[in-house]
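Take a look at the structure below.
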Amino acid sequence: MINLENYSTNLIEREGIYFSKKESKISYPEDGNDSYFKIEDNSFWFQHRNNFIVEGVLKYSPESLFFDIGGGNGFVSKAIENKGVPTVLVEPGIQGCLNAKKRGLENIVCSTLENGSFKKNTIPSIGLFDVVEHIEDDKDFLKSIYDFLTPDGYVYITVPAFNALWSNEDKDVGHYRRYSLKEITIKLTNVGFTIEYSTYFFSILPIAVFLFRSIPSRLGLNKNSDEINKLKKEHGSEKGLMAKLLKLIWNFEIKKIKDGKKIMIGGSCFVIARKNTDFI
């Protein structure tokens, strides 16, 4: 296990999970982690996002301790750890922490980053995977990430793309906004980061999201009380010809990140940035 006292002096350990002394409030539904825990292992979306993230981490900081901030049920943390990268999951939702423990993660902190009283300039790598859009003051949050990182430390970020794709689903899960790649990279550079790599991914999803989420939301047509079945349907693995087509597309996207090349459009943004200590 990681000695978390090297990174924070304000944590209390109970039954294998570390807790901060302050209560954490977040813009995320209380049952969100449990809902996703039921679908993550069989979801094409979560699986491809994991593969994409892992390739980035292995390329830029494969030996650095990795803090997965707001990491939910530990699905990403576990994938990164399985590649030999030591991880710490920082998740304010207790149910997410318990689910992560079931997955076999050992270094779990039940807290937000700010309430965990982490020491500045101590964390080598930080992941924010579909987290920043839940933060009302994203600029101040990204500045705090900069402060916590070691000199030349890395931050890895995924966020939902394009405000034109906004739907009721964004509102329901506590999003404040979606981003273009230009918008998120400008916010990062403005607080002191140097962009090492940026791209869209999930290249085939914008049309589907616009047709089946955004337009129905604007027309008031997409209300669905059975959220779990809805999630299973949207995230379920395809079969037959469609599965082969998706596999080709996902493999194409993975090759792009391996080669350091960009994908010009997609349903999500992925940015890897380095702390620039010369920033004034």
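The values are calculated or read from the model by the stated rules, or taken from the named source; none is laboratory data. Being a predicted model, the structure only gives us computed values, none of them experimental. When we count neighbours, we look across all protein chains shown, and the Cβ atoms used for this are built from the backbone with ideal geometry, even at glycine.
Counting only residues that are at pLDDT below 75 and of a type in the set (G, A, S), which one in region 16-34 is farthest from I135 (Cα to Cα)?
Here is the first cut: in region 16-34, the ones at pLDDT below 75 are 22-32.
Adding the requirement that they be of a type in the set (G, A, S) leaves 24, 27, 32.
Working: S24: 13, S27: 7, G32: 16 Å.
My answer is G32.
Residues are listed down the side, and each one gets a yes or a no for (1) farther than 28 Å from E183 by Cβ; (2) surrounded by 23 or more Cβ atoms within 10 Å (Cβ to Cβ); (3) of a type in the set (A, V, I, L, M, F, W, C):
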| site | (1), (2), (3) |
| --- | --- |
| V54 | no, no, yes |
| R103 | yes, no, no |
| V109 | yes, yes, yes |
| D138 | no, no, no |
| Y154 | no, yes, no |
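Going through region 235-255 one residue at a time, which ones are touching a strand residue (DSSP E or B) at 6+ places or on another chain (Cβ under 8 Å) and either modelled with pLDDT under 90 or more than 29 Å from E169 (Cα to Cα) (or both)? Give the steps one after another, and end with the answer.
Narrowing region 235-255 to residues touching a strand residue (DSSP E or B) at 6+ places or on another chain (Cβ under 8 Å): 235-237, 253.
Residues satisfying the conditions are H235, G236, S237.
If only one of L113, L98 is closer than 16 Å to K78 by Cα and either surrounded by 17 or more Cβ atoms within 10 Å (Cβ to Cβ) or among the hydroxyl-bearing types (S, T, Y) (or both), which one is it? I'd like the intermediate steps shown before the answer.
On the way: L113 fails: closer than 16 Å to K78 by Cα.
Only one candidate qualifies: L98.
How many residues does region 40-92 hold that are of a type in the set (V, I, T) and within 19 Å of E114 (Cα to Cα)?
Our first condition is that a residue be of a type in the set (V, I, T); within region 40-92, this holds for 53-54, 57, 69, 76, 80, 85, 87-88, 90.
In the following step, the residues that additionally are within 19 Å of E114 (Cα to Cα) were identified as 69, 87-88, 90.
Final tally of qualifying residues: 4.
With (1) more than 19 Å from L128 (Cα to Cα); (2) crowded, with 17+ Cβ neighbours inside 10 Å as the list, and G84 as the residue in question, which single condition is left unmet?
Result: G84 fails condition (2) only.
Can you find a residue that is assigned to a loop (DSSP other than H, G, I, E, B), closer than 21 Å to M264 by Cα, in contact with a Gly (Cβ under 7 Å, 6 or more places away or on another chain) and not hydrophobic (A, V, I, L, M, F, W, C) anywhere in region 169-189? Explain how you work it out, then say what you get.
First pass over region 169-189, keeping only residues assigned to a loop (DSSP other than H, G, I, E, B): 173-178, 180.
Checking the rest, the ones that are also closer than 21 Å to M264 by Cα come to 177-178, 180.
Right, trim to in contact with a Gly (Cβ under 7 Å, 6 or more places away or on another chain) and you get none.
Among the residues of region 169-189, not one is assigned to a loop (DSSP other than H, G, I, E, B), closer than 21 Å to M264 by Cα, in contact with a Gly (Cβ under 7 Å, 6 or more places away or on another chain) and not hydrophobic (A, V, I, L, M, F, W, C), which makes the answer no.
Please work out if D259 is at pLDDT below 95 and of a type in the set (D, E).
Working: at pLDDT below 95: no; of a type in the set (D, E): yes.
No, not satisfied.
Just the residues that are in contact with a strand residue (DSSP E or B) (Cβ under 9 Å, 6 or more places away or on another chain) and either of a type in the set (D, E, K, R) or at pLDDT 90 or above (or both), please, taken from region 210-234. It would help to see each step written out before you state the result.
Applying the first criterion (in contact with a strand residue (DSSP E or B) (Cβ under 9 Å, 6 or more places away or on another chain)) to region 210-234 yields 231-232, 234.
Listed by number, the residues that qualify are K232, E234.
State whether the residues of region 213-227 include one that is surrounded by fewer than 16 Cβ atoms within 10 Å (Cβ to Cβ), over 30 Å from N251 (Cα atoms) and touching a Leu at 6+ places or on another chain (Cβ under 9 Å).
There is no residue in region 213-227 that is surrounded by fewer than 16 Cβ atoms within 10 Å (Cβ to Cβ), over 30 Å from N251 (Cα atoms) and touching a Leu at 6+ places or on another chain (Cβ under 9 Å).
Give the number of residues within region 85-115 that are assigned to a loop (DSSP other than H, G, I, E, B), small (G, A, S) and touching a helix residue (DSSP H, G or I) at 6+ places or on another chain (Cβ under 9 Å).
Pass one, region 85-115, residues assigned to a loop (DSSP other than H, G, I, E, B): 85-86, 91-93, 103-107, 111-115.
This time we only want the ones that are small (G, A, S), so: 93, 104, 111.
Checking the rest, the ones that are also touching a helix residue (DSSP H, G or I) at 6+ places or on another chain (Cβ under 9 Å) come to 93, 104.
Final tally of qualifying residues: 2.
Okay, residues lined up against (1) within 30 Å of L205 (Cα to Cα); (2) part of a loop (DSSP other than H, G, I, E, B):
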site: E13; (1), (2): no, no
site: Y18; (1), (2): no, no
site: K22; (1), (2): no, yes
site: N33; (1), (2): yes, no
site: N50; (1), (2): yes, no
site: I53; (1), (2): yes, no
site: G56; (1), (2): yes, no
site: K78; (1), (2): yes, no
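Of K139, K119, which residue is farther than 26 Å from N51 by Cβ, basic (K, R) and in contact (Cβ under 8 Å) with a residue 60 or more places away in the chain?
K119
Do you know which residues across region 134-151 are within 16 Å of I184 (Cα to Cα) and hydroxyl-bearing (S, T, Y)?
Let us first name the residues in region 134-151 that are within 16 Å of I184 (Cα to Cα), namely 134-146.
Within region 134-151, S144, Y146 qualify.
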